[in-house]
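Every read-out reported here was derived from the displayed coordinates using simple, explicitly stated rules and does not represent laboratory data. Not measured: the values here are computed from a predicted model. In this analysis, Cβ positions are derived from the backbone assuming ideal geometry, glycine residues included, and neighbour counts consider all displayed protein chains.
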Amino acid sequence: MAKNLSERIADRMRNKKASPGAQNRGTFLALKGEIVHALDNGWPVKTIWETLHEEGKVTFSYQAFRNYVNSLILSPKQGAAPKAPAEEARPASQASKEKKTVPATPRTPAPKSDPAKPPTPAGFKFDAKPNKEDYL
């Protein structure tokens, strides 16, 4: 039986030398659990990086570490919308079949203003003749 795509990719990656960026990302992903735990305990990202860097577990820069934290830990939490319990229980293929398409609504053109009369802006109004009562 032929291997599936995931198995073929895993075999290919074992035989291929990883780039420095891939190694750094792999290192970060290996430490992700510890990093998430430290962040949940309230430690700043800089302190976490300094500790891991001094221990020799992380050899890449703080900026790269911060980018990994933002993209792999913080962004999924902020962008993820909670699923309804019914959607989680259904298989993905069944959920996609049940999606209903919303018909496109036709665009209505914006009402055109009278070209002879320009719109007057609301706000400050300059009067060249001052009111003497305003100075009293």
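Once fully extended, how much extra length lies between GLU133 and THR51, figured as 0.36 nm per residue of separation less the alpha-carbon to alpha-carbon distance? Working shown, then result.
Working: separation 82, 0.36 × 82 = 29.52 nm, distance 7.08 nm.
Separation in residues times 0.36 nm, less the Cα-Cα distance, equals 22.4 nm.
Magnitude of the Cβ-charge dipole of region 19-80, K/R +1 and D/E -1, about the Cα centre, nearest 20 debye?
Details: 6 positive and 5 negative charges, 49 e Å.
Here the size comes out at about 240 debye.
Kirkwood hydrodynamic radius of region 19-80 from all distinct Cα pairs, in Å?
Working: mean 1/r = 0.0849 Å⁻¹.
The Cα-based Kirkwood calculation yields 11.8 Å.
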